[in-house]
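Everything on this sheet refers to the single structure shown next.
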Amino acid sequence: MDRPGETTHFGFQDVPLGDKQTLVNEVFRSVASRYDLMNDLMSGGLHRVWKDIMINTLNPPRSDARFALLDVAGGTGDIAFRAAKAAGAGFRATVCDINLDMLIVGRERAVKRHLDDRVAFVEGNAEALAFPDRAFDGYTIAFGIRNVPRIDLALGEAFRVLRPGGRFLCLEFSTVDVPGLDRLYDLFSFNVIPELGRVVTGDAESYRYLVESIRKFPRPNAFAEMIRAAGFSRVNWRVLSGGIVALHSGWRL
Ligand SMILES: C[S@@+](CC[C@H](N)C(=O)[O-])C[C@H]1O[C@@H](n2cnc3c(N)ncnc32)[C@H](O)[C@@H]1O
């Protein structure tokens, strides 16, 4: 899996490919306990709307038909909880994340919501999932893929673990192209968010990374090409909130 000599982005820095995951893990270790509060503060609650749109698109069965969801980079469990609330009795979710600090917060939240029997938390790397082939009906990844050093490997794994007919959905920050809104968004992102991070978590740098990593993520058409290259069919995307976020979709057929 090592690709000696290759570099990648960690925010605006170029770093050896093999170093990125350690740096990313430090970011989420540092912010885990305040992660959910910060999401609300940074997005004015909008992340809830984006996540609900993702769940509506996933449309898990409301009946007791079996449906197994894998939520990768699932952190504190938001996507899995929302899906469980929308779905029927046959729904089970596995939240997989590389960061134990995020998973610990997620497990506590699951117990509080009485969802711990339907939502499991598993430590794992999106690039090398410890699940059998064709094990899941749906694969979701929300605000996670841009943190993964080798996105092509993660997409290949998503394809592998989905059953034929299974759906891949990825929610990720995108590119704001609306004149006027773009400058406002830049101002907010580079000035307000790191300062909020400093006040709420005592860590401005982690939030600077999060903002910079958004700018380095491929545009929707380029990312859609990567999803196709992993083997997915009927690949498309939908831009939300003027391009702040894009919801990508593909099917394993
Ligand atoms: C911005 S959080 C998103 C959490 C959650 N999906 C949400 O929408 O609230 C990004 C998550 O990606 C996880 N992550 C980063 N690299 C990963 C990898 N290689 N494999 C699995 N998870 C990873 C981080 O630990 C972190 O929990």
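Below is a table of values for the structure above.
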read-out: Residue-wise HN-Hα coupling along segment 198-215, computed from phi with Karplus coefficients 6.51, -1.76, 1.60 (Hz; x: Gly, Pro); value: 5, 5, 7, 10, x, 9, 6, 4, 4, 6, 5, 4, 4, 5, 5, 5, 5, 5
read-out: Student exercise, the chain dipole from Lys, Arg, Asp, Glu Cβ charges, in Debye to nearest 20; value: 900
read-out: For segment 12-80: accessible area per residue (Å², 1.4 Å); value: 46
read-out: Antiparallel bridges, percent of DSSP beta bridges restricted to segment 69-157 (to nearest 5); value: 5
read-out: Residue 29 paired with residue 13, simple spin-label distance in nm, labels 7 Å along Cα-to-beta-carbon; value: 1.5
read-out: Residue-level accessible surface for residue 116, protein heavy atoms, 1.4 Å, Å²; value: 90
read-out: Among beta bridges that DSSP assigns inside the chain, antiparallel share in %, nearest 5; value: 45
read-out: Antiparallel bridges, percent of DSSP beta bridges restricted to segment 1-129 (to nearest 5); value: 30
read-out: Euclidean distance between Cα centres, segment 211-253 to segment 60-97, Å; value: 21
read-out: Contact order relative to length of the chain, as percent, for alpha carbon pairs under 8 angstrom and 6 or more apart; value: 19
read-out: Signed unit charges on C-beta, dipole axis of segment 62-125, positive-most listed residue 96, 83, 110; value: 83
read-out: Protection-proxy order for peptides 143-153, 82-92, 213-223, each taking the mean of Cβ atoms within 10 Å per residue, highest first; value: 143-153, 82-92, 213-223
read-out: Solvent exposure of segment 81-215 as accessible area per residue, Å², 1.4 Å probe; value: 43
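The values are calculated or read from the model by the stated rules, or taken from the named source; none is laboratory data. What you are looking at is a predicted structure, and each value in this text was computed from that prediction instead of being measured. Counting neighbours? That spans all protein chains shown, and the Cβs are built from the backbone with ideal geometry, glycine included. Remember, those area values only see protein heavy atoms, side chains included, never the ligands or the DNA or RNA. Shrake-Rupley method; radii C 1.70, N 1.55, O 1.52, S 1.80 Å.
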